[in-house]
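What follows is one structure encoded as structure tokens, with my remarks underneath.
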């Protein structure tokens, strides 16, 4: 799920950047092409403008004959969008000569405020022409001295520019859309297959956690290989640390129990001495504390191991046979009701200790019958749990007594063998594995113990 989320984020990020880059590139190319087309169009208009200026400067060409050398049929077609106009400005009443295409209309004058002139004095801009046509207009003031001062203007239909630019924009948009689709498909392919090794590692880690594998297997790309190698090294180091912790706990247990036993024996030999009695009392407290903390350390060390799975059915069956044999002072029937193949996500000896304590306790207090039920449940989506229910037909317990026996070292009947640590150890082990133990009233009359543990 997390790998898929990463792939989605990478793909969305690549999509955004691809679209953004293509848009910026498209606008830039469109702007460059527009400038290029405008320059070409202006050069065409400039040729006509220079031809008109040359006609004006020729001594044998009268003003009314100006423009005959242009050779452009569009200047003859009425309102074609292609116009020229020459205005003599050195007389009290300006004299205007224009192309036939203007059809007795006049071209607008750009003026200094509309656009800045080029080095040769030519001004270029878009303007509104006859019949609201959009024109590209170039004009220049020409001073011929005694022959007069003239304003020469040439205009072309700007729709030709717009059509050509629109065709280019449509072509580049179509091309870029195809390019974007190819790039996004390529990105999707790269993201999907590029992150495939991470998906394999994720599945392999899940298999290790569930106990189906002990390390990351298989070959990985060069970029991922160091991660797999370090992960395997970390798993090996974790196992070694846990094993060393177990060894240290066992050594410490032997080292502490021997001196305590010696002191207890010495104190017992002087039973009539009040000081010896006090020593025995304190040694008993010390033994209980040492047993408690060593047991806690041992349990925590075992639970820290990753990837251990235990089959529940053989453990329950073995415990039931053992308890039946140990209760020889009475006829005891142990009934088993096992549904499905339940797996416990933890070590076998921990499951044996928990189930063994519950069944042994039920066997001690039962009159003649103990019932063991194993269920596989799904308390939450994606999570499974093993529920082990142990019932007996003994005297049962009140709510206050149930709370008391779950405490470490608390016993209700000193006539029964044991140290009083059994149920508290079950509670602590179950808690460390993320499970729980609850006590209630069994349908067959005695105590019900329900143990819930994570399933493999």
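The values are calculated or read from the model by the stated rules, or taken from the named source; none is laboratory data. Everything numeric here is computed off the predicted structure, so don't read it as measured data. Because the Cβ atoms are built from the backbone with ideal geometry, glycine has one as well, and the counts that use them run over all protein chains shown.
I'd like to know if the stretch 154-166 contains one or more residues that are assigned to a loop (DSSP other than H, G, I, E, B) and out of contact with any strand residue (DSSP E or B) (no Cβ under 8 Å at 6 or more places or on another chain).
no
Answer yes if at least one residue in the stretch 91-114 is under 60 Å from the mean Cα position of the chain (by Cα) and closer than 26 Å to residue 164 by Cβ, and no otherwise.
The answer is yes, given that some residue of the stretch 91-114 is under 60 Å from the mean Cα position of the chain (by Cα) and closer than 26 Å to residue 164 by Cβ.
Rundown of residues vs (1) within 30 Å of residue 209 (Cβ to Cβ); (2) modelled with pLDDT under 85, yes/no style:
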site	(1), (2)
390	yes, no
399	no, yes
404	no, yes
431	yes, no
443	no, no
446	no, no
452	yes, no
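Being within 19 Å of residue 429 (Cβ to Cβ) and surrounded by fewer than 21 Cβ atoms within 10 Å (Cβ to Cβ) narrows it down to one residue among 387, 369, 345; which is it?
It is 387.
Farther than 25 Å from residue 166 by Cβ and surrounded by fewer than 14 Cβ atoms within 10 Å (Cβ to Cβ): is that true of residue 58 in this structure?
For residue 58, the condition - farther than 25 Å from residue 166 by Cβ and surrounded by fewer than 14 Cβ atoms within 10 Å (Cβ to Cβ) - is met.
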